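Engineer: Have a look at the structure that comes next, please.
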Amino acid sequence: MLGGGFVLIVYICLFTSIVRARIIKVENLVQQFESQFQNDPLKALQQSSTQKVVIQQGFNNDKGLDANCLTWDSEPVVSGWTQDSKDSDFFVDYYVPPSSKAIICTTPIFAGALTADADKPFSYEVYRTEYGLRVRVIIGVSEVRELCQMLALDGNCLNSFLQQQAIVRYKH
């Protein structure tokens with residue numbers, strides 16, 4: 001009985017994204033994108049796929065346990081490793097429909113790591129698409145990839161685990 005409880009606690013801490021790490025202010029981001037090219041609508045259409053806003057903040061605001069992390073929708077698009085040879089970070093892209101409420105949820109263990117490491121801010125990027133926003137959550141764990149490459153001879157050995165560490169959820 002005690003062993004089962006321990007396994008459940010470990011599972012929740014490592015694999016269940018129940019901690020709200022950030023509230024994404026979708027309306028503010030849309031306004032930011034629109035103001036970037038307000039004077040030139042043609043340029044806005046040409047560059048809409050490359051428009052992005054990078055948000056780097058500490059972990060201390062907006063966090064806490066949130067039941068919406070279990071109930072709201074999530075639509076992952078793609079995940080992988082950045083191409084920076086010096087410090088390759090893991091990322092996960094999510095789609096967020098326009099006029100939605102959106103939050104980023106993390107596992108308790110990842111939330112603790114973000115709080116403990118003040119030198120590495122929690123960051124995400126938001127790109128404008130034709131159909132809404134694409135939110136890229138960046139999980140800076142290049143050290144883990146190097147360890148996987150040494151032990152398992154595969155730099156992608158922890159990808160499925162890392163995908164669970166931070167999830168973007170939305171509600172229409």
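The values are calculated or read from the model by the stated rules, or taken from the named source; none is laboratory data. All values reported here derive from a predicted model rather than from experimental measurement. Here the Cβ positions follow ideal geometry from the backbone for every residue, glycine too, while neighbour counts run over all protein chains shown. Accessible surface areas use protein heavy atoms only, side chains included; no ligands, DNA or RNA. Shrake-Rupley method; radii C 1.70, N 1.55, O 1.52, S 1.80 Å.
Engineer: Solvent-accessible area of K101, probe 1.4 Å, all protein chains present, reported in Å² to the nearest ten, please.
Structural biologist: Result for K101: roughly 130 Å² accessible.
Engineer: With all protein chains present and a 1.4 Å probe, how do T16, T115, T71 order by accessible area, largest first?
Structural biologist: These residues rank, largest area first, as T71, T115, T16.
Engineer: Cα gyration tensor of region 67-164, axes a ≥ b ≥ c as square roots of the eigenvalues: rounded (a/c below 1.5), prolate (a/b > b/c) or oblate?
Structural biologist: It comes out prolate by the Cα gyration axes.
Engineer: Keeping all protein chains in place and using 1.4 angstrom, which order do S74, S123 fall into by accessible surface area, from largest down?
Structural biologist: Result of the area sort, largest leading: S74, S123.
Engineer: What spacing in nm lies between the two simple spin-label points modelled at N28 and K101, each 7 Å away from Cα in the Cβ direction?
Structural biologist: Computed distance between label sites N28 and K101 equals 1.6 nm.
Engineer: Shifting gears a bit: Answer rounded, prolate or oblate for region 120-166, using the Cα gyration tensor with square roots of eigenvalues a ≥ b ≥ c: rounded when a/c is under 1.5, else prolate when a/b is larger than b/c, else oblate.
Structural biologist: The shape class here is prolate.
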